[in-house]
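Trainee: Questions regarding the structure given below will be posed in turn.
Every number here is computed from the coordinates shown, using simple stated rules; none is lab data. From a predicted model like this one, the values you see are computed outputs, not experimental measurements. All Cβ positions, even for glycine, are placed from backbone atoms using ideal geometry, and neighbour counts span all protein chains on display.
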């Protein structure tokens, strides 16, 4: 049996068993899983290795690039501005960012950005990952673009642009960059080890991601001029980009957050617990209710599957069969990392790993951990 660190309430023994099995089999290299209920930690487990050479153990303070789970923290930053009366999700983006009105985007609303329906899901070519890491310049390019479809009519997953768009709203309203805002208003006050824009001093704690198997057929047969190809190619880049110092240092609010399952579960327990955690009130129930407004329910132009997007988060759909029905919001990261928030059970579930798996919205491992966590929440009754 794999040697796991941390704690696990006996109700969630199946979570520990699944993690141990995956580490023993080699499906996992290193990983962490966390569950919080009513603001209390019931699962905080980690194990395996932080490196492919299996010379550095995954420790309590190991962190890794969580890819698109970063978007959920970025969304929370936007909701904090809504809570403070500084951002209106039904207002035009151009109210806060006048340059964004260029080329037919004057009618794009804040909620269109937060629900991936703005039409700005990628950069026009040519663009490189290095260009995207220059956040101010890359953001200005997005303001100057025309939308790729009529805003508000369909979702098209904002793969890398999401953090630039939401981050610029934060910067225009608050004056601080997204990474600094998250550090000072969310991660710092909550004592959560999460970073958008990683300081060099923290690089030694990072478990580099191990890229998933490459499949040349992933976009085979897709219209080369369509939204999906343009988004994934704007820019294209492999998971190895996360190994580079320039990527780590940049504030890419869609994809380069660094943390572990504990930090993600703690941050999102604020939403699970009605806006208050350990006496710190960040949101009101009214602001949390905005998440569950349903602007989209249909085929996503980028991911090609049926998705439901609320304001800032995904909502359960047929594309995520491991989620039960209910007042639940979530999102996943490339390779399988996940954040799930159940506002009825007041629970936050998170999983973070370095060996990336395959799957559109979570891997087989994601499914196993989330289902085991919900079984524990429901008293081990089947979903």
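Trainee: In a Gaussian network model over the chain where Cα atoms closer than 10 Å are linked, find which of 238, 179, 156 has the largest mean-square fluctuation.
Mentor: Largest GNM mean-square fluctuation: 238.
Trainee: Still on this structure, I have one more. Report the FRET efficiency, 1/(1 + (r/R0)^6), for residue 172 and residue 327, where r is their Cβ-Cβ distance and R0 is 45 Å, rounded to 0.05. Intermediate results must be reported in sequence, preceding the final value.
Mentor: Working: r = 31 Å, r/R0 = 0.70.
FRET efficiency, residue 172 to residue 327: 0.90.
Trainee: Right, something else. Relative to the present Cα-Cα distance, how much length would full extension add between residue 233 and residue 9 at 0.36 nm per residue of separation? It would help to have the intermediate numbers written out before the result.
Mentor: On the way: separation 224, 0.36 × 224 = 80.64 nm, distance 4.41 nm.
Residue separation times 0.36 nm, minus the Cα-Cα distance, leaves 76.2 nm.
Trainee: Sticking with this one: Could you work out how far helix 70-83 tilts from the main Cα principal axis of the chain, as a 0 to 90 degree angle to the nearest 10?
Mentor: 60 degrees
Trainee: Let me ask another. Run the numbers for residue 293 and residue 125: contour at 0.36 nm per residue of separation, minus the present Cα-Cα distance, in nm.
Mentor: Numbers: separation 168, 0.36 × 168 = 60.48 nm, distance 3.36 nm.
The residue 293-residue 125 span can extend by a further 57.1 nm.
Trainee: In terms of the Cα gyration tensor, with a ≥ b ≥ c the square roots of its eigenvalues, is the range 64-137 rounded because a/c is under 1.5, prolate because a/b exceeds b/c, or oblate?
Mentor: It is oblate, given that a/c is not under 1.5 and a/b is not larger than b/c.
Trainee: What FRET efficiency comes out for residue 52 versus residue 222 if R0 is 25 angstrom and r is the Cβ-Cβ distance? Round to the nearest 0.05.
Mentor: Values: r = 32 Å, r/R0 = 1.27.
Here the calculated transfer efficiency is 0.20.
Trainee: Taking only DSSP H segments of four or more residues, each worth -39500 (n - 2.57), what value at 222 nm results for the chain once the sum is divided by all its residues, to the nearest 500 deg cm²/dmol?
Mentor: Working: 12 runs with 110 residues, N = 383.
Mean residue ellipticity at 222 nm (helix-derived): -8000 deg cm²/dmol.
Trainee: Taking 0.36 nm per residue of sequence separation and subtracting the Cα-Cα distance, how much length would be gained by fully extending the chain between residue 203 and residue 141, in nm to one decimal?
Mentor: On the way: separation 62, 0.36 × 62 = 22.32 nm, distance 2.96 nm.
Gain on extension, residue 203 to residue 141, equals 19.4 nm.
Trainee: Quick check: from the Cα gyration tensor, does the range 254-299 come out rounded (a/c under 1.5), prolate or oblate?
Mentor: Working: a/c = 2.85, a/b = 1.15, b/c = 2.48.
Note, shape of the range 254-299 comes out oblate.
Trainee: Further question: So how far apart, in nm, are the two label points at residue 281 and residue 358 if each is 7 Å from Cα heading toward Cβ?
Mentor: For the pair residue 281/residue 358, the computed spacing is 5.0 nm.
Trainee: Could you identify which residue out of 325, 207, 77 has the top mean-square fluctuation in a GNM of the chain using Cα springs shorter than 10 Å?
Mentor: Result: 325 has the largest fluctuation of those listed.
Trainee: Which of 362, 107, 259 moves most in a GNM of the chain, Cα contacts under 10 Å?
Mentor: Result for the chain, Cα springs under 10 Å: 107 fluctuates most.
Trainee: If each of residue 378 and residue 17 carries a label point 7 Å out from its Cα toward its Cβ, how far apart are those two points in nm?
Mentor: Placing both labels 7 Å along Cα→Cβ, they lie 1.7 nm apart.
Trainee: Relative to the first principal axis of the alpha-carbon coordinates of the chain, what is the inclination of helix 135-144, with its axis defined by its Cα atoms, in degrees from 0 to 90 and to the nearest 10?
Mentor: The two axes meet at around 50 degrees.
Trainee: Treating the range 1-109 as a set of equal point scatterers at the Cα positions, no solvent, please give the Debye-formula log₁₀ I(q)/I(0) at q = 0.09, 0.12, 0.20, 0.23 Å⁻¹.
Mentor: Result of the Debye calculation: -0.44, -0.63, -1.05, -1.29.
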